[in-house]
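S.K.: Right, I'll just put the structure down here and ask away after.
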Amino acid sequence: MTAFVLRRLAQSIAVLLAVGLVAFLLFRYVGDPISGMVGQDTSLQEREELRQRLGLNDPAPLQFARFVGNAAQGWFGLSYRTSEPVSRMILERMPATLELALVAALFAVLVGVPMGVWTGLYPRHWSSRLLQAVSLIGVSLPTFLIGILLILVFAVILGVLPSFGRGDTVQLGWWTSGFFTLSGLKALILPSITLGLFQLTLIMRLVRSEMLEVMRTDYIKFARARGLTNRAINFGHALKNTLVPVITITGLQLGAIIAFSIVTETVFSWPGMGQLFVQSVQFADIPVMAAYLLLVALFFVLINLVVDLLYYAVDPRLRSGAATAGARGH
Amino acid sequence: MSLAEFARRAADSDIWYSFRSSPVVVWATGVTLFILLAAFLSPVLAPHTPFDPATLNLMDALKPPVFFGDDADWTFPLGTDEQGRDVLSSIMYGTRLSLVVGFAATAFAMVLGIALGLVSGYVGGAVDAFIMRLADVQLTFPALLVALLIDGVVRGLISVQRHDEIAIYVIVGAIGLSFWVQYARTVRGSVLVEKNKEYVQAARVIGLSPVLIMVRHVLPNVMGPVLVIATINLGLAILTEATLSFLGVGLPSTEPSLGTLIRLGNDVLLSGTWWIVIFPGITLAVLVLAVNLLGDWLRDALNPKLR
């Protein structure tokens, strides 16, 4: 177990360093790092002094090492567009994105898993067939189109939900939260449905096919023979054994949720990191892009790590397998 | 093999049978062909030339579709936008552009992925390790993010005016570069199996160059799965282009694709002119759904394990 965790940690750090290298190359060689700090009347000599002072004339490996060091402490320089520190811009917008992603993921899991169980237990029921057909359409509809349709129906025609922004937020330290006001909660509904719908259909289809497979196995027949209640069989025996692939996909999809929040945030003018990223792409604001890239990589790596560890909690076979493998190794 | 012989054998084949026996697939093919024809014949078929400013008349602006308002007009069956452009014609031209970008990006990703996969599998060693680690790192990120990043980098390297002129090449390159990994991995896996077979050894013994062996002998034997991936990725490439254009970093509004049209329509959505955004949206959704259904069918039909 320890060896496994250490190996995964090493891999994660290697991925982060590789992404860091890409971010560094962007930061250093696309556009001019000092252009945002100097005015029109700065002389060439002053520019050269500034370069010297910032270490831009040092050997590239040394600069990379310094970049990694700064990034580890959360310093990514100044934005080309607003001249604000990049880390502060991202930190200000992180709560909005994380709250949206959290609600979207909860929506996808809490609705998707029961729907998958239902369609898996009763595949021939008319409602299951309907859900299957709707989910196929859901997979083909692009995220932004779903958002636009929801806005059209609930904001333009019915006028019951807001079409943009976070509503009123509450300040908790540096974290701004929309969870504690009515308008904040109302503002969360449409964006989180938009963002979570694709994951919902994915989870539903996955749980369904896993349930169909598990229900055919011998231990389910045996559980029936023992006279267990349907509920104990469906949830205690069947659902529990479908959870490993579901956790994998859900975990990996959490990363996709953060990435696709770019689209949802643009549709709903949601003041999060994704919107910031699109703006920085439009303005070629390289420091913000580099920092966002690293941050998303960090999220992905952490999520992957947690997913791997969750396997151990859910699947006892892995625990015993790892124990014997570990015993053989020593 | 004569043409008649070919037709007879095709009519007898498993693939034709599996095609005929699935109404969904026949419908998807029909819809795809219809959209392809309407899009690529748009200069002939479209009732208006929406991107020629000389033919536009502001008096025609914001007309609703027929059956949806009093001032609707059969000259503009799906209504007009705020500049008086015919929505139907815009969609036909826009679909053509979306399809061109989708096909070009898929082809680019395929060629790049095949080349890197062949080299990786055939050469092996440090080259293989480098290419595959690169693929691993790129797979950490969703394709959309990679495409956005590439687009942003290109914007940093060239001026904004130049960007609009070459936007279509940038977007094809960005999408192509974000989709190569799957091809490379598949091709590499197949090459590793193929390269130890007798026919490759024989080719080596008679002294063919490695490039010739890879392209003439190994490549034809690994193309099956690659073509299936390409069909499935076509829908994804069209969606990615639409998403990028919707975000405002894809094709410019002077030369709009379906995604750009949806973005322009979305900007005026709150004023209640739903037709400017809904019709391009439906076209995009139907096109992607039909292409995806075809891709899924092709994957199953060509998979001998499922027969």
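The values are calculated or read from the model by the stated rules, or taken from the named source; none is laboratory data. Just so it is clear, the model here is predicted, and its values are computed rather than measured. Glycine gets a Cβ as well: all are built from the backbone with ideal geometry, and neighbour counts include every protein chain shown. For accessibility, only protein heavy atoms count, side chains too; no ligands or nucleic acids. Shrake-Rupley method; radii C 1.70, N 1.55, O 1.52, S 1.80 Å.
S.K.: As an exercise, find the ratio Rg/Rh for region A:2-72 from alpha-carbon atoms, using the Kirkwood inverse-distance average for Rh.
M.R.: With Rh from the inverse mean 1/r over Cα pairs, Rg/Rh is 1.17.
S.K.: Rg to Rh for region A:86-329: what is it, with Cα atoms only and Rh by Kirkwood?
M.R.: 1.04
S.K.: Right, another one. What lysines could a cross-link reach from A:Lys186, if we take a straight Cα to Cα line under 29 Å and drop same-chain neighbours fewer than 8 places away?
M.R.: Candidates past the 8-residue exclusion: nothing left.
S.K.: If you don't mind, another one. Just tell me how shielded A:133-144 is by partners: mean number of partner chain Cβ atoms within 10 Å of each residue's Cβ, no decimals.
M.R.: Other-chain Cβ atoms within 10 Å of each residue's Cβ, averaged: 5.
S.K.: Where in region A:265-303 does accessible area fall by at least 20 Å² between the isolated chain and the complete protein assembly, at a 1.4 Å probe radius?
M.R.: A:Thr266, A:Val267, A:Phe277, A:Val278, A:Val281, A:Gln282, A:Ala284, A:Met289, A:Leu293, A:Val296, A:Phe300
S.K.: Then there's this: For B:Gln83, list long-range residues whose amide hydrogen, built 1.01 Å from N in the peptide plane, is under 5 Å from its own amide hydrogen.
M.R.: Residues meeting the criterion, in which the H sits 1.01 Å from N, are B:Leu62.
S.K.: A follow-up question, please. How high is the FRET efficiency between A:Leu309 and B:Leu157 when r is their beta carbon distance and R₀ equals 41 Å, given to the nearest 0.05?
M.R.: 0.50
S.K.: Sticking with this structure for a sec: For chain A, what is the relative contact order in percent, using Cα pairs closer than 8 Å and at least 6 residues apart in sequence?
M.R.: It rounds to 26 percent for chain A.
S.K.: Give a residue-ordered list of calculated ³J(HN,Hα) values for region B:139-147 (Karplus: 6.51 cos²θ - 1.76 cosθ + 1.60, θ = phi - 60°; whole Hz; x for Gly, Pro).
M.R.: So the Karplus estimates, Gly and Pro as x, are 5, 4, 9, x, 4, 4, 5, 4, 4 Hz.
S.K.: Same structure again: For chains B and A, what's the summed buried accessible area, probe 1.4 Å, to the nearest 100 square angstrom?
M.R.: Summing both sides, the interface buries roughly 3100 Å².
S.K.: Continuing with the same structure: Please give the contour-minus-distance gain from A:Gln52 to A:Val160: 0.36 nm per residue of separation, less the Cα-Cα distance, rounded to one decimal in nm.
M.R.: Roughly 33.1 nm would be gained on extension.
S.K.: What number comes out for accessible area per residue over region A:244-301 if the probe is 1.4 Å? Units Å², please.
M.R.: Result: 22 Å² per residue.
S.K.: Continuing with this model, one more query. What percentages make up the Cα-Cα pair-distance distribution of region A:69-112 when the bins are 10 Å wide from 0?
M.R.: 25, 32, 24, 16, 3
S.K.: For region A:50-209, state what percent of all Cα-Cα pairs lands in each successive 10 Å bin, counting from 0 Å until the bin that includes the largest distance.
M.R.: That works out to 10, 25, 24, 20, 14, 7, 2, 0, in percent per bin.
S.K.: If the viscosity is 1.002 mPa s and the temperature 20 °C, what Stokes-Einstein diffusion coefficient in µm²/s follows for chain B when Rh is the Kirkwood radius over Cα pairs?
M.R.: Taking Rh from Cα pairs, D becomes 98 µm²/s.
S.K.: Report, to two decimal places, the Cα Rg of region B:33-108 normalised by 2.2 N^0.38 Å (N = number of residues).
M.R.: Working it through for region B:33-108, the quotient is 1.22.
S.K.: Report, to the nearest whole %, how much of the accessible area of region A:2-72 belongs to carbon and sulfur atoms, 1.4 Å probe, protein only.
M.R.: 63 percent
S.K.: Once both labels are modelled 7 Å past Cα along the beta-carbon direction, what's the B:Asp128-A:Arg226 spacing in nm?
M.R.: About 4.8 nm separates the two model spin labels.
S.K.: Taking the convex hull of the Cα atoms, report for the protein assembly as shown its projected area averaged over all directions, in nm².
M.R.: 39.3 nm²
S.K.: Give the cross-link partners of A:Lys221 among the lysines, using a straight C-alpha distance below 18 Å as the criterion and excluding same-chain residues fewer than 8 apart.
M.R.: A:Lys240
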